1. Within the range 174-187, is there a residue that is at pLDDT below 90 and not small (Gly, Ala, Ser)?
2. Can you name every residue in the range 548-601 that is open to solvent by less than 100 Å² (accessible area, probe 1.4 Å) and either touching a strand residue (DSSP E or B) at 6+ places or on another chain (Cβ under 8 Å) or not in a helix (DSSP H, G or I) (or both)?
3. Only one of (1) crowded, with 17+ Cβ neighbours inside 10 Å; (2) free of Cβ contacts under 8 Å to residues at least 12 places away in the same chain fails for residue 311. Which number is that?
4. Considering each of 152, 174 in turn, give the residue that is within 33 Å of the chain's Cα centre (by Cα) and part of a helix (DSSP H, G or I).
5. List pairs: first residue in the range 228-251 and more than 19 Å from residue 269 (Cβ to Cβ), second residue of a type in the set (Gly, Ala, Ser) and open to solvent by 70 Å² or more (accessible area, probe 1.4 Å) anywhere in the structure, Cβ distance under 9 angstrom, at least six positions apart or on different chains.
6. Restrict the check to the range 457-479 and report whether at least one residue is part of a loop (DSSP other than H, G, I, E, B) and of a type in the set (Val, Ile, Thr).
7. Within the range 157-173, can you find the residues that are open to solvent by 50 Å² or more (accessible area, probe 1.4 Å) and either in contact (Cβ under 8 Å) with a residue 60 or more places away in the chain or in contact with a Ser or Thr (Cβ under 8 Å, 6 or more places away or on another chain) (or both)?
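The values are calculated or read from the model by the stated rules, or taken from the named source; none is laboratory data. Bear in mind the structure is a predicted one, so any value in this text is a computation, not a measurement. All Cβ positions, even for glycine, are placed from backbone atoms using ideal geometry, and neighbour counts span all protein chains on display. Surface accessibility is based on the protein's heavy atoms, side chains included, excluding ligands, DNA and RNA. Shrake-Rupley method; radii C 1.70, N 1.55, O 1.52, S 1.80 Å.
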Amino acid sequence: MQMPFTRPDGTTPTERRFRQVIDTLQEVVFQTDTARTWVFLNPAWTEVTGFPVEESLGRSALDFVHPDDRARVLDVCQTLLTREREYVQHEVRYLTRDGGFRWVDVFARVTLDETGTLVGMAGTLNDITERKRTSDALARRERYLTALVDMQQRLLSVPEGGDLYSPALAPLGQASGASRVYVFETYSDAKGALLCSQRAEWCAPGVTPEIDNPMLQDLPMRPILGRWANLLERGEVVTGRVATFPSIERELLEPQGILTLLVLPLRVQGRLVGFVGFDNCYEAREWDRLEVDLLSAASGAISVSLERRASERALREHEHRFRQLAENASDVLYLYRREAPRGFAYVSRVAHAKLGLGPEAHYADPELWYRQVHPEDRAALERLLESPQSVDGATVELRFLRPDGSLLWLEHVVAPVTDPAGHVVAVEGLARDITERRQVEEALKRSEASLRALMEGFPDPAAIEQDGHIVYANAVLVTTLGFARAEELVGRRLSEFLADVPGTGMASGDSTPLTSERRLVLRDGRTRVVELASLPLRFDGQPAVVSIARDVTEQRQLQARLTLADRLASVGTLAAGIAHEINNPLAFVVSNLGFLSDEFRHHLSPGPGVRGVRPPDVAEWQRGRRARAPDCPPAEDVLAAG
């Protein structure tokens, strides 16, 4: 049985050693009388509580116990003093000199004198404040995490359009020990002023609700809560004792009985949309860092729910507009959801006529298109539905296989559907049947290939121009111009090799062949005369002009010689005609002269000795005429020609 301590007076070495051991202990060693008054305390008492030992001795031990624990301590002590228990051990809060308290682990036994009479109690006080804080922090963290899980489950179970806030506030209020938890939404009025209104509230038993307070509806954030607005817009928190807040804030908060508060922002896509508040109305207890972090996670969960609700609302609006446009469209319109549950949210009814698979088949099978698409186009389809931003509004042509095995070409144009945060949640698109167009294009390609083969077999030079530049030249043209390869002509203008005209001069939309004669200038400077025929057509799917040049140089030279011969023949004919016209009267004159000559000889011969007139000598006249005009033919020849 423990004997009562007496104040050592240092009279013996044993007593001094015993006192030294007691004074060096970190635990408080105490002794009380039966009235629970301190009769002994070692120096550790001052280290734990801050109260000097001299001031504490003679005072009741209950004076230093936290008021909330005194009744419990009194009951425990009573069971010890009545000898119902041999010892007691319990955790109690002891007040400190600075107005706080420390958690201590109390161990106590009764003390008896030599006769066995009860004289009081003795024991130790062990400071467990740090251990208690750690334990309380872990318990509080566990409590908050449980509340967060409960809140998340409640948020997920809220039906579409239901109250999102009220189910979340009760777990947070109970876990935090707050007197009041509430949600305000922020918005701007017509003038752009930032306002806030209370939307939901939870109150602990006995706390006055403020949900019906008209002052908390359409409340201007500035100037009353301007400090709050600045902090919350930056993502920071508002916390502290209301007594230390600016007077304009206290005028709003003190009538509500708020001693301390914590306000956390609600942000959607980086924009402030409201805040969650926690009030303490019974004690001025402030929230520590751990509580602020855990409650911030709760406000973040509410923000995520608000963002998801905004995304769903935006998606519904898109779907509504999309369906209105899609029902009467001739193209296949669709909406493919990328978030769970993935798949087609909408497909227009024309899909059955185009793909051979109706909307119901699409809704039932999210992977339908991946199976129906042509194997070579699967990667393009994945890019179209999984990353529509990479397409950037361009058209994408895909091949699909109908159930009957026929091939269908669809030209897709897609646009991403985003939530307020900019995340792609769906893809809306339009698929146009271009099967006939592709068939025509394939036929055109085959025709163009035939055209190339035909032009290569032409015996005449030929070229195809697009936008005034040669895109194709056959081998005959390359050889004729004196080049080695067709690539040397591609990109140049045909007009560069035509000396007398600027170009082919084909008018846009003119389908009439344009034929003309040109001088073709060869690479070495020589020229050839060609007949150039130009005709518009489509080449590689683009407007073009085909020109064919036929070499007519030899023909034109032969024509020139024939023309000269014709001209000479005409001159001869003209000369013969003129001579004929002249010789006819001349022959008449010569004939008459010959007649006169004969007559003179016959009838006018002079007699002997008579000198008369000599008859004219026609032959002599002709000789004289030839001497004067050697180029004139003889009269006989003229007469014979006549």
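1. There is at least one residue in the range 174-187 that is at pLDDT below 90 and not small (Gly, Ala, Ser).
2. Matches in the range 548-601: 548, 549, 551, 552, 553, 556.
3. Here residue 311 clears every test but (2).
4. So the residue among 152, 174 that is within 33 Å of the chain's Cα centre (by Cα) and part of a helix (DSSP H, G or I) is 152.
5. Between residues of the range 228-251 that are more than 19 Å from residue 269 (Cβ to Cβ) and residues that are of a type in the set (Gly, Ala, Ser) and open to solvent by 70 Å² or more (accessible area, probe 1.4 Å), the close pairs are 250/243.
6. No, every residue in the range 457-479 fails to be part of a loop (DSSP other than H, G, I, E, B) and of a type in the set (Val, Ile, Thr).
7. 160
Conditions (1) of a type in the set (A, V, I, L, M); (2) within 35 Å of the chain's Cα centre (by Cα); (3) within 17 Å of residue 261 (Cα to Cα), marked per residue:
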site: 184; (1), (2), (3): no, yes, yes
site: 188; (1), (2), (3): no, yes, no
site: 195; (1), (2), (3): yes, yes, no
site: 214; (1), (2), (3): no, no, no
